[in-house]
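Chemist: Shown below is the structure under consideration.
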Amino acid sequence: MAKNIVISNSLPHEAIRLIPGDFSLDYNDSDAPLSKAELISRLKGRSGLICHIISTIDDEVLAAAPTLKVVANVAVGYNNIDVAAAKRREVIVTNTPDVLTETTADFAWALLMATARRVVEADRYARSGQWKAWKWDLLWGADVHGKTLGIVGFGRIGRAVARRARGFDMRILYHDAVRVDAAVERELAATATDLETLLREADFVTLHVNLTPDTRHLIGERTLRLMRKSAILVNAARGPIVDEAMLARALREGWIAGAGLDVFEEEPKIHAGLVPLQNVVLAPHIASASRDTRIAMATLAVRNCVAVLEGKPPLTPVA
Ligand code: GLV
């Protein structure tokens, strides 16, 4: 099998150096996404692609790359790839599960805590010279300990978020298409509920589902109106799971109290209605962005690509 790969954007050298010497490499060492035309042109005659979520690998790209054998996404989510089309064309798709679970769960918690305790507002206040005297009623936030956490999507990351919640003595509700084993529910003290009950009862709602046609705008007008006025929403999954325009309205009009968002519907654009609001914490899609984890993700993607092109099974194919 030909061993020539395209790397669509920058990767750490710790990962690049794992590419064997007999592979040829077309490496776009840049953070700027390749246009579709450029990607197609670079893929001519190539057998492997390692890419980030900023590359859209649709049927048109796959059709134009008949020699392609593997697309290794450097992410756990793979909504940027038409997996059905890849399967039809016998192209293997891989992702990077597990290595980012704990780091992503840490960041969902960072957003939850920052929003509940108004950390970003406090930083802005302290830095801007507004702090003239200690005030006992300054920047009151919401308690986290002892509250109810609603986890929508109880896969690897959702469960890692639940494990952390135990240290805060929280009541944990979860909603998922698949009910987890009773032993896992017991270990995490998590109770399965329907989505409506979760949204009505949770003080914090955190999203950990994949983006699919079923989860697009899962959080929209109807579901936001079910939430408590004091509730905080956290999204470190995918932007389009939330109807951003409706969320901006909900935050402005007080249907819910706050939101911590790492992902957006049209990244890197952020809905203009969200930017001026104080009760939302915004981050530029960095939930898995610790140094160790990003290197582990890149390394896993390279290993997947190399394995396929050496005729071995991929480590983490997309099911
Ligand atoms: C990041 O968004 C990922 O899916 O890994």
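Chemist: To one decimal place, what orientation-averaged projected area in nm² is obtained for the convex hull of the Cα set of segment 101-282? Mind showing how you got there, number by number?
Modeler: Numbers: hull surface 42.7 nm².
Mean orientational projected area (segment 101-282, Cα hull): 10.7 nm².
Chemist: Pick out which of ASN80, ASN279, ASN304 has the largest mean-square fluctuation in a Gaussian network model of the chain, springs linking Cα atoms closer than 10 Å.
Modeler: ASN80
Chemist: Could you rank VAL83, VAL93 by how accessible they are, 1.4 Å probe, largest area first? Before the final figure, lay out the partial values.
Modeler: On the way: VAL83 35, VAL93 10 Å².
Putting VAL83, VAL93 in descending order of accessible area: VAL83, VAL93.
Chemist: Ignoring ligands, DNA and RNA, please state the percent of accessible area on the chain from carbon and sulfur, probe 1.4 Å. Let's see the in-between values first.
Modeler: Numbers: 8130 of 15240 Å².
On the chain, the fraction of accessible area on carbon and sulfur atoms equals 53 percent.
Chemist: Can you show me the helix-derived [θ] at 222 nm for the chain, built from DSSP H runs with n ≥ 4 at -39,500 (n - 2.57) apiece and divided by the number of residues, rounded to the nearest 500. Walk me through the numbers on the way to the answer.
Modeler: Values: 12 runs with 108 residues, N = 319.
Result for the chain: -9500 deg cm²/dmol, rounded to the nearest 500.
Chemist: Here's something else I'd like to know. Once phi is turned into ³J(HN,Hα) by the Karplus curve 6.51 cos²θ - 1.76 cosθ + 1.60 with θ = phi - 60°, what whole-Hz value does each residue of segment 16-23 show in order, with x for glycine and proline?
Modeler: In residue order, the calculated couplings are 4, 6, 7, 6, x, x, 8, 8 Hz.
Chemist: Count charges around THR191 for me, please; just the other residues with Cβ under 9 Å from its Cβ, Lys/Arg as +1, Asp/Glu as -1.
Modeler: On the way: positive: ARG171; negative: GLU185.
Spelling it out: positives minus negatives among the neighbours equals 0.
Chemist: Identify which of SER35, SER288, SER230 has the largest mean-square fluctuation in a Gaussian network model of the chain, with springs joining Cα atoms closer than 10 Å.
Modeler: In the Gaussian network model the winner is SER35.
Chemist: Rolling a 1.4 Å sphere over the protein heavy atoms, what is the accessible area per residue of segment 191-319, to the nearest Å²?
Modeler: On the way: 5630 Å² over 129 residues.
Each residue of segment 191-319 exposes 44 Å² on average to a 1.4 Å probe.
Chemist: If you place +1 on the Cβ of every Lys and Arg and -1 on the Cβ of every Asp and Glu, how big does the dipole about the Cα centre of the chain come out, in debye to the nearest 20?
Modeler: Numbers: 39 positive and 38 negative charges, 73 e Å.
Charge dipole of the chain: 360 debye, to the nearest 20.
Chemist: Further question on the same structure: Around VAL74, with a cut-off of 12 angstrom between Cβ atoms, what is the net charge of the other residues, counting Lys and Arg +1 and Asp and Glu -1? Intermediate results must be reported in sequence, preceding the final value.
Modeler: Values: positive: ARG294, ARG303; negative: none.
Here the count lands on +2.
Chemist: Filter the chymotrypsin sites (Phe, Trp or Tyr not before Pro) in segment 93-145 down to the DSSP loop ones having no more than 16 other Cβ atoms within 10 Å, then list what survives.
Modeler: Working: sites: PHE107, TRP109, TYR125, TRP131, TRP134, TRP136, TRP140; in loops: TRP131, TRP134, TRP136, TRP140.
Here the sparse-neighbourhood loop sites are TRP131, TRP134, TRP136, TRP140.
Chemist: Using the Kyte-Doolittle scale, which helices in the chain average at least -1.0 and also have C-alpha atoms spread 24 Å or more along the helix axis, with helices defined as whole DSSP H runs?
Modeler: On the way: long enough: 291-309 (27 Å, 0.76).
Flagged H segments are 291-309.
Chemist: Using a cut-off of 9 Å between beta-carbons, work out the net charge of the residues near LEU62 (Lys and Arg +1, Asp and Glu -1, LEU62 not included).
Modeler: -2
Chemist: If the elastic network links every pair of Cα atoms under 10 Å, which of ARG179, ARG124, ARG46 fluctuates the most in the Gaussian network model of the chain?
Modeler: ARG124
Chemist: Which percent of Cα pairs goes in each bin when the distances of the chain are cut into 20 angstrom slices starting at zero?
Modeler: Calculated over all Cα pairs of the chain, the distribution is 31, 52, 17, 1 percent.
Chemist: Another one. Students often get this wrong, so check it: of LYS36/LYS312; LYS147/LYS269; LYS69/LYS269; LYS3/LYS44; LYS3/LYS312; LYS135/LYS229, which have C-alpha atoms separated by over 24 Å? It would help to have the intermediate numbers written out before the result.
Modeler: Details: LYS36/LYS312 29 Å; LYS147/LYS269 33 Å; LYS69/LYS269 33 Å; LYS3/LYS44 13 Å; LYS3/LYS312 13 Å; LYS135/LYS229 26 Å.
Going by Cα-Cα distance, LYS36/LYS312; LYS147/LYS269; LYS69/LYS269; LYS135/LYS229 fall outside the 24 Å limit.
Chemist: Out of the GluC sites (Glu not before Pro) in segment 46-103, which ones are loop residues according to DSSP with at most 12 other C-beta atoms within 10 Å? Please report the intermediate quantities before stating the final value.
Modeler: Details: sites: GLU60, GLU90, GLU102; in loops: GLU90.
Here the sparse-neighbourhood loop sites are GLU90.
Chemist: Can I ask one more? Can you give the accessible area of GLU196 in Å² (nearest 10), computed on protein heavy atoms with a 1.4 Å probe?
Modeler: 60 Å²
The values are calculated or read from the model by the stated rules, or taken from the named source; none is laboratory data. Quantities reported herein were computed from a predicted structural model and do not represent experimental measurements. Positions of Cβ are generated from backbone atoms using ideal geometry, with glycine treated the same way; all protein chains shown enter the neighbour counts. Keep in mind that these areas ignore ligands, DNA and RNA; they rest on the heavy atoms of the full protein, side chains included. Shrake-Rupley method; radii C 1.70, N 1.55, O 1.52, S 1.80 Å.
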